[in-house]
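The values are calculated or read from the model by the stated rules, or taken from the named source; none is laboratory data. Keep in mind that this is a model prediction, so the values were computed, not measured. Cβ placement follows ideal geometry from the backbone for every residue including glycine, while neighbour counts extend to all protein chains displayed. Areas reflect the complete protein model, heavy atoms only, side chains present, ligands, DNA and RNA absent. Shrake-Rupley method; radii C 1.70, N 1.55, O 1.52, S 1.80 Å.
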Amino acid sequence: MKIIEIKNLRKVYNSDSVAVNAVNGVDLSFEEGEFSAIVGPSGSGKTTLLNIVGGLDDATEGSVSIDGVKINDLSARKLTDFRMEKIGFVFQAYNLIPVLTAKENVEFIMHLQGAGKKARDKRTSELLKAVGLEGMENRRPSKLSGGQQQRVAVARALASKPKFVLADEPTANLDSKSTEKLLDIMEQLNKEEKITFIVSTHDQRVVKKARRVITIEDGKVVSDERK
Amino acid sequence: MRTNIKLAWRNLWRNKRRTIITISSIVFSVLLASFMRSLQEGSYGSMIDNVVKFYSGYLQVQDSAFWDERTLENTFQPSPELISNIKKIDDVTLVSHRIESAALTANGMRSKPAMVLGIEPELEDKITNISKKITKGSFLTPHDNGVVIGEGMASYLELGVGDTLTMISQGYHGISANGLFRVKGIMSHPNKEYDNRLIYLSLETARNFYSAPGISTSLVIMTDNHYGVNQLKKKIGKILPEQNTVMTWVEMQPELEQLIQSDRGGGIIMLGVLYVVIAFGMFSVVMMMVKERKREFGVIHAVGMRKTKISTMLFLETLMIGVIGSIIGLFISVLIAFYFYHNPIPFSGEQVVSASEKFGMAPYLFFSMKPSLFYNQMILVFSISLIISLFPIYNIHRLKITKAMRN
């Protein structure tokens, strides 16, 4: 079942009156339960593509439909709510809220969704267990390692039971051990809970784990391989 | 909302030193502003108190025509019911009769025009503390036939205590008035004009002199709440007969009110400068807070927090700083002002002290405990916080996630 459908997507940046085609006519679709890696050199348009798919940036042309909803047509407020309900985000720099504990960071989105305390506690404890952070619930980000922070970020991304998770270079700041651990967790969540991951990366270890590898160059899809 | 409050509170303490410095600056400013205003208003209160006790009292009930044409024809006969009703009004502490006119005084070959004031000695003494200004002889008693004159007049007319003063004037309805009065006391009045020209008689003696039984030119009214004079005027006005009017000290001595207003204006400009400094201090903190957390705002908006909620959170943070600072400032200000209200600061320097005493003023710096002086500062800081919080709200409104996350 298709959950994301991208049609003729273009993003043009006008810097110093020179037009730069960051995304140049991309047509893609993603099925539920996929683990996809988007690869390509720096500046190829991976992050821009992910930002547009995640509703964080506007497209110059084309459309993105998620779960049958064309997100280009949503108002800013509806798009924010849509992101909260349907999309999980994992960022390169973890980007946890520094004043909240690991548990509070994970339940932050559930708070926004208005979930009750019981439901929040249950889901948070399941997720922190799944990412191997049991016993660290009450630590603030500053008391966690980079790998642990990124695992909290994965748990946060999954808290709202999104349709898919967009991860932008999630392993870029992690050491090998933390990378392996994070990837194992993501793979396990993908296989066991059918969570769809779309990961932009330079990291070959991520590429190895992915079942689909999309290569982008100069804003265009140059290859799309399924393993 | 609870999440927002929790987040705002924790965000406040993520840079403890900065928050403490900002709150301290607000505390200090509220303290300084309240202290300044309390001292300023305390001084005005003392000044008003001295001036009204000098002569006019806080309010006077007169015949409607008296203020413009001060003759004995524009007088009235206050009924005991009227006086009793005025005394019943809250905040009225004293009501005293006066009869006020002019006369020509003489002794031997010397003569001098004079202001004659018929008074109820005990009550008048409570108003003007005149007995304390007596330097020779003694003050009047209720049915006294004598007079009290100033040192200036005594010196000019070459009179001493026990000597006789001749007075000639025109009494009520044009009857001629003349009499001989024993000098009972000589006072040193701080006002040169009064010292040279004022003569005190008991009310009864003055009425007899002017052939005006039961007549008064005014009822002097005192209160212990000088801020409530206008309300008092309204209340008294309602129970007065048609021929009478009530005037406040401001109407009788507008120059004093003008002096206070202009001085108060100067003080408020100083406060304005102080608050501009506070506002810039707070603004710079909020600006830094917004700039350094731009990425974080991008992230929380990306994961689904609406801009309105982010704005609310920032608004709460700014508000919390303002409210905490102003409440602590208010508390300390009230404590300090309360101490100085009960223990006014004495003037130093013998000359200043004797000059103050000569003018019948206590040689102290007084403080006011008027509540509005304190809570107004709090309201001001609160309003400044509200205005400053518009900056983060504006910034969040313009937030672009991708740009913020590149920050």
Determine how large the accessible area of A:K129 is when every protein chain is in place; take a 1.4 Å probe and give Å² rounded to the nearest 10.
130
Please average, across the residues of A:25-36, the number of beta carbons from any other chain that are within 10 Å of each residue's own beta carbon, and give a whole number.
0
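Provide the per residue accessible area, probe 1.4 Å, for chain A, rounded to a whole number of square angstrom. Spell out each step's value before the answer.
Working: 10020 Å² over 227 residues.
Accessible area per residue, chain A: 44 Å².
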Span from the region B:139-177 Cα centroid across to the region B:44-92 one, whole angstrom
24
How far apart, in nm, are the 7 Å Cα→Cβ label points at A:D27 and A:E187?
3.4
Hey, can you rank A:45-52, A:93-100 by average C-beta count inside 10 Å, highest first?
A:45-52, A:93-100
Per-residue mean of other chain beta-carbon atoms within 10 angstrom of the beta-carbon, peptide B:303-314?
5
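If I compute solvent accessible area with a 1.4 Å probe over the protein chains, what percent of it on region A:84-213 is carbon and sulfur?
Summing carbon and sulfur atoms, their accessible area is 46 percent of the total for region A:84-213.
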Which angle between 0 and 90 degrees, to the nearest 10, do you get for helix B:254-292 versus the longest principal axis of chain B when only C-alpha atoms count?
10
Taking the Cβ-Cβ separation of B:E81 and B:Y227 as r and a Förster radius of 35 Å, what is the calculated FRET efficiency to the nearest 0.05?
0.75
Distance cut-off 32 Å, Cα to Cα: go down the list A:K163/B:K403; A:K78/B:K291; A:K117/A:K191; B:K53/B:K136; A:K209/B:K307; A:K161/A:K209 and report the pairs above it.
A:K209/B:K307
Mind checking which aspartates and glutamates have their Cα closer than 17 Å to the Cα of A:K122? Skip sequence neighbours fewer than 8 apart in that chain.
A:E104, A:E107, A:E134, A:E137, A:E193
Tell me the accessible surface of B:T135 in square angstrom (1.4 angstrom probe, heavy atoms of protein chains only), to the nearest ten.
70
With every protein chain left in place, what is the accessible area per residue of region B:57-252 in square angstrom, probe 1.4 Å?
45
Using a 1.4 angstrom probe on protein heavy atoms only, which residues from region B:7-21 are buried by at least 50 Å² of accessible area when all chains are present rather than their own chain alone?
B:L7, B:R10
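Suppose R0 equals 30 Å. What FRET efficiency, 1/(1 + (r/R0)^6) with r the Cβ-Cβ distance, do B:R406 and A:E85 give to the nearest 0.05?
For B:R406 and A:E85, the calculated efficiency is 0.70.
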Partner aspartates and glutamates whose C-alpha sits under 16 Å from that of A:K70, ignoring same-chain residues fewer than 8 away, are A:E5, A:D27, A:D57, A:D58, A:E61, A:D81, A:E85
Given a 10 angstrom Cα cut-off, can you work out which residue in B:M109, B:M289, B:M313 is the most mobile in a GNM of chain B?
B:M109
Note the buried accessible area between A and B here, summed over both chains, with a 1.4 Å probe, in Å² to the nearest 100.
2100
Spacing of the two label points (7 Å from each Cα toward its C-beta) at A:V12 and B:L365, in nm
7.2
So what J values fall out for region A:140-156 if you push phi through Karplus, 6.51 cos²θ - 1.76 cosθ + 1.60 with θ = phi - 60°, rounded to Hz, Gly and Pro as x?
7, x, 5, 9, 10, 6, x, x, 5, 4, 5, 5, 5, 4, 5, 4, 4
Mean other chain Cβ within 10 Å across A:46-52 is 1
With an 8 Å Cα cut-off and a minimum separation of 6 or more residues, compute the relative contact order for region A:2-226 in percent.
30
Pop out the carbon and sulfur fraction of the accessible area of region B:46-94 as a percent, whole number, probe 1.4 Å.
46
